[in-house]
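For reference, the structure is listed below as structure tokens.
The values are calculated or read from the model by the stated rules, or taken from the named source; none is laboratory data. Keep in mind that this is a model prediction, so the values were computed, not measured. For neighbour counting, all protein chains shown are included, and Cβ atoms are generated from backbone atoms with ideal geometry for every residue, glycine included. Quick note on the areas: whole protein, heavy atoms, side chains included, nothing else; ligands and nucleic acids left out. Shrake-Rupley method; radii C 1.70, N 1.55, O 1.52, S 1.80 Å.
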Amino acid sequence: MLRVLAVDDEEPALEELLYLLRADPRILSAEGATGATEALRRIGGAVDAGPEDPSAIDVVFLDIHMAGLTGLDVAQLLAGFAAPPLIVFVTAHEGFAVHAFDLKAVDYVLKPVRRERLAEAVRRVAEQVGERSASVHDASADQVAVELAGVIRFVPVDDIAYAEAQGDYARLHTEAGSHLVRIPLTTLEERWRSRGFVRIHRRHLVALNRIDELRLDAGSMSVRIGDAELAVSRRHTRALRDLLMRQTGR
């Protein structure tokens, strides 16, 4: 069952598209947005909330010619997300098909939209969503999906030494390098608490078993993980020290 966002700045066209989508039994929910700015705000919120949240979006049915940002602009921005929704372009213009598929669109539907043609686009989306879900399920909680040069890869959580908050994103640090994912640090903290990760600062979440040294200097505490030295905030100092003492049996 698919969760859909339809985007078109012409309200009659948007209402017609939503009517056809909601009539398809494979569609769980279909909501509309009347422009690119509204669409990006809703998609960003859905990605941050995670795939299990009621606001989640599996696919965006996206007009190309809109006031302000075009549908192609929106697709290019979504390509920077770690796990963006799929895209189907819905447009009256044939000339953008090559560009659309370069942006990894699932389908390109011409207006006026025919019910049978839209049903085929929904079928293609459902197939890709099923394949994506199977990949994520197989990867399980032992891995995290990251995007590298347009390819989704899975990094084992056990390889991650620490995570660093960067706005709505988190940068995951491993011995091999770092990866930026669109997941808030608070979400990772909840997911990985049982795997031995602990918050030491509003900016840092660390794997306890990766801490090489605990340093005290004039009442301040820091930890060394490889070549990185990370400050421990005062509110987390005692809890971290207690955890490390229990871990070492002291």
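Some values worked out for this structure:
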| read-out | value |
| --- | --- |
| Residue check for Ala100: in a loop (DSSP other than H, G, I, E, B), touching a helix residue (DSSP H, G or I) at 6+ places or on another chain (Cβ under 8 Å), small (Gly, Ala, Ser) and within 29 Å of Arg153 (Cβ to Cβ) | no |
| Qualifying residue in the range 106-129 (condition: within 30 Å of Arg171 (Cα to Cα), in contact (Cβ under 8 Å) with a residue 12 or more places away in the chain and not in a helix (DSSP H, G or I)) | yes |
| The range 187-244 - residue that is polar (S, T, N, Q) and open to solvent by 40 Å² or more (accessible area, probe 1.4 Å) and, of those, farthest from Val157 (Cα to Cα) | Ser220 |
| Selection within the range 7-32 - open to solvent by less than 90 Å² (accessible area, probe 1.4 Å), under 24 Å from Gly68 (Cβ atoms) and in contact (Cβ under 8 Å) with a residue 60 or more places away in the chain | Val7, Asp8, Ala13, Leu17, Leu21 |
| Residues that are in contact with a Lys or Arg (Cβ under 9 Å, 6 or more places away or on another chain) and either outside any loop (DSSP other than H, G, I, E, B) or open to solvent by 60 Å² or more (accessible area, probe 1.4 Å) (or both), drawn from the range 83-92 | Ala83, Leu86, Ile87, Val88, Val90, Thr91, Ala92 |
| Scope the range 94-106; condition open to solvent by less than 80 Å² (accessible area, probe 1.4 Å) and in contact with a strand residue (DSSP E or B) (Cβ under 8 Å, 6 or more places away or on another chain); matching residues | Phe96, Ala97, Ala100, Leu103, Ala105, Val106 |
| Candidate set: the range 33-46, residues that are aliphatic (A, V, I, L, M) and modelled with pLDDT of 90 or more; chosen: the one most open to solvent (accessible area, probe 1.4 Å) | Leu40 |
| One residue from Val151, Val181 being out of contact with any helix residue (DSSP H, G or I) (no Cβ under 8 Å at 6 or more places or on another chain), aliphatic (A, V, I, L, M), at pLDDT below 90 and open to solvent by less than 40 Å² (accessible area, probe 1.4 Å) | Val181 |
| Failed condition for Arg117, given (1) closer than 26 Å to Ile183 by Cβ; (2) modelled with pLDDT of 90 or more; (3) touching a Leu at 6+ places or on another chain (Cβ under 8 Å); (4) surrounded by fewer than 16 Cβ atoms within 10 Å (Cβ to Cβ) | (1) |
| Selection within the range 47-78 - open to solvent by less than 70 Å² (accessible area, probe 1.4 Å), part of a helix (DSSP H, G or I), touching a residue at least 12 places away in the same chain (Cβ under 8 Å) and over 14 Å from Ala6 (Cα atoms) | Val47, Asp48, Leu72, Asp73, Leu78 |
| Hey, Asp73 farther than 21 Å from Gly130 by Cβ and touching a Ser or Thr at 6+ places or on another chain (Cβ under 9 Å) or not | no |
| Out of Gly226, Gly196, Gly167, sole residue that is over 22 Å from the mean Cα position of the chain (by Cα) and either among the polar types (S, T, N, Q) or modelled with pLDDT under 90 (or both) | Gly196 |
